[in-house]
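Quick notes on the structure that follows.
The values are calculated or read from the model by the stated rules, or taken from the named source; none is laboratory data. Everything quoted here is computed from the prediction, not taken from an experiment. Here the Cβ positions follow ideal geometry from the backbone for every residue, glycine too, while neighbour counts run over all protein chains shown. Just the protein is used for accessible areas: all its heavy atoms, side chains included, with ligands, DNA and RNA removed. Shrake-Rupley method; radii C 1.70, N 1.55, O 1.52, S 1.80 Å.
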Amino acid sequence: YPFEKVGYVNTPLGAMEHQTMVSFPTSLSQRRDTVNATGAHELAHQWFGDFVSPLDYRHAWLNESFAGYCEAAWSEELGGFAGYLKTLETKLNNYIKNDAGREGIFPLYDFPRATPSSNYPNTIYNKGGVVVGMLRYELGDSIFYSALRDYLARHAYATATTDSLKLVLEE
């Protein structure tokens, strides 16, 4: 963990990470959800967003795609590889059946921020999480996780770009 502590604070609405503190809606806290994918997603931002931040909005997918992927990694911890695949399949289906039709089809990097998209379209969460899972598949666990550690170490407490990630993955 890149910081000395982390906390969660209940809020009336919305989940959002802040360095060492996650705002978490009371409604989710009261569900008694033992999986808590939202909690895992927001915690992942401590690395992907707070420890290493995107240079600008063109690279926002680096935050949300990796946090979405981390939901699947958390599912793997709880339910094995089948849980991991189920989470990625759900993200893929949500992208195909909902996001692509509502937001349009566009790249993760430098996506359009005009309607029907937004600053944080669902595409970068769902499609992005699946793309990160595909990177893991293509590279294999050892290379994938080694490259992520290297990426985080190289850009610790600084900004990164899509090309920064690409360079590390290519190496």
For segment 145-156, Karplus-derived ³J(HN,Hα) couplings (6.51, -1.76, 1.60; θ = phi - 60°; whole Hz; x for glycine and proline) come out as 6, 5, 5, 4, 4, 5, 4, 5, 5, 5, 10, 4
Structure-based [θ]222 nm, the chain - -39500 (n - 2.57) summed over DSSP H runs of at least 4, per residue, nearest 500 | -17000 deg cm²/dmol
When only Cα pairs under 8 Å and 6 or more residues apart are kept, what is the percent relative contact order across segment 41-105?
-> 24
Which of the aspartates and glutamates could a cross-linker bridge to Lys97, judged by Cα under 18 Å and excluding same-chain residues fewer than eight apart?
-> Glu89
For every other residue with a beta carbon closer than 14 angstrom to the beta carbon of Glu89, add +1 if it is Lys or Arg and -1 if Asp or Glu, then tell me the sum.
-> +2
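Roughly how big is segment 47-94's charge dipole about its Cα centre, with Cβ charges of +1 (Lys, Arg) and -1 (Asp, Glu), in debye to the nearest 20? Write out the running numbers ahead of the final one.
Values: 3 positive and 7 negative charges, 28 e Å.
Using Cβ point charges on Lys, Arg, Asp and Glu, segment 47-94 gives about 140 debye.
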Centre separation in Å (Cα based) which lies between segment 118-141 and segment 60-74 | 7
Would you tally the net charge around Gly49, using a Cβ to Cβ cut-off of less than 10 Å, leaving Gly49 out, and scoring K and R as +1, D and E as -1?
-> -4
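Exposed loop trypsin sites (Lys or Arg not before Pro) only (DSSP loop, at most 13 other Cβ atoms within 10 Å): please give the longest stretch of the chain free of them, not including the sites.
Numbers: sites that count: Lys5, Arg31, Arg32, Arg113.
With a cap of 13 other Cβ atoms within 10 Å, the longest stretch comes to 33-112.
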For Met16, the net charge from surrounding residues (Cβ-Cβ under 15 Å; K, R +1; D, E -1) works out to -4
Put +1 on the Cβ of each Lys and Arg and -1 on the Cβ of each Asp and Glu in segment 10-155; which of Pro107, Cys70, Ala60 then has its Cα farthest toward the positive end of the dipole?
-> Pro107
In terms of the charge dipole of segment 83-171, which places +1 on Lys and Arg and -1 on Asp and Glu at the beta carbon, the residue among Thr162, Leu88, Pro116 farthest towards the positive end is Pro116
Pop a pseudo-label 7 angstrom from the Cα along the beta-carbon direction at both Thr11 and Tyr137 and give the gap in nm to one decimal.
-> 3.4
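How big is the Cα convex hull of the chain in projection, averaged over all directions, in nm²?
It is 10.1 nm².
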Residue-by-residue Karplus 3J(HN,Hα) for segment 48-54, coefficients 6.51, -1.76, 1.60, Hz, glycine and proline x = 9, x, 9, 6, 10, 10, x
How large is the dipole of the chain about the Cα centre if only Lys and Arg carry +1 and Asp and Glu carry -1, each at its Cβ, rounded to the nearest 20 debye?
-> 400
Asp33 and Glu171 label points (each 7 Å along its Cα→Cβ direction) are spaced in nm at 3.7
Straight-line reach from Lys91: which lysines have Cα under 24 Å away, leaving out those fewer than 8 places along the same chain?
-> Lys127, Lys166
Sparse-neighbour loop sites [GluC sites (Glu not before Pro); segment 1-70; at most 12 other C-beta within 10 Å; DSSP] | Glu4
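Would you mind telling me the share, in percent, of accessible area of segment 29-130 contributed by carbon and sulfur at probe 1.4 angstrom? If you can, show how the numbers build up before the last one.
Working: 2710 of 5030 Å².
Here it works out to 54 percent.
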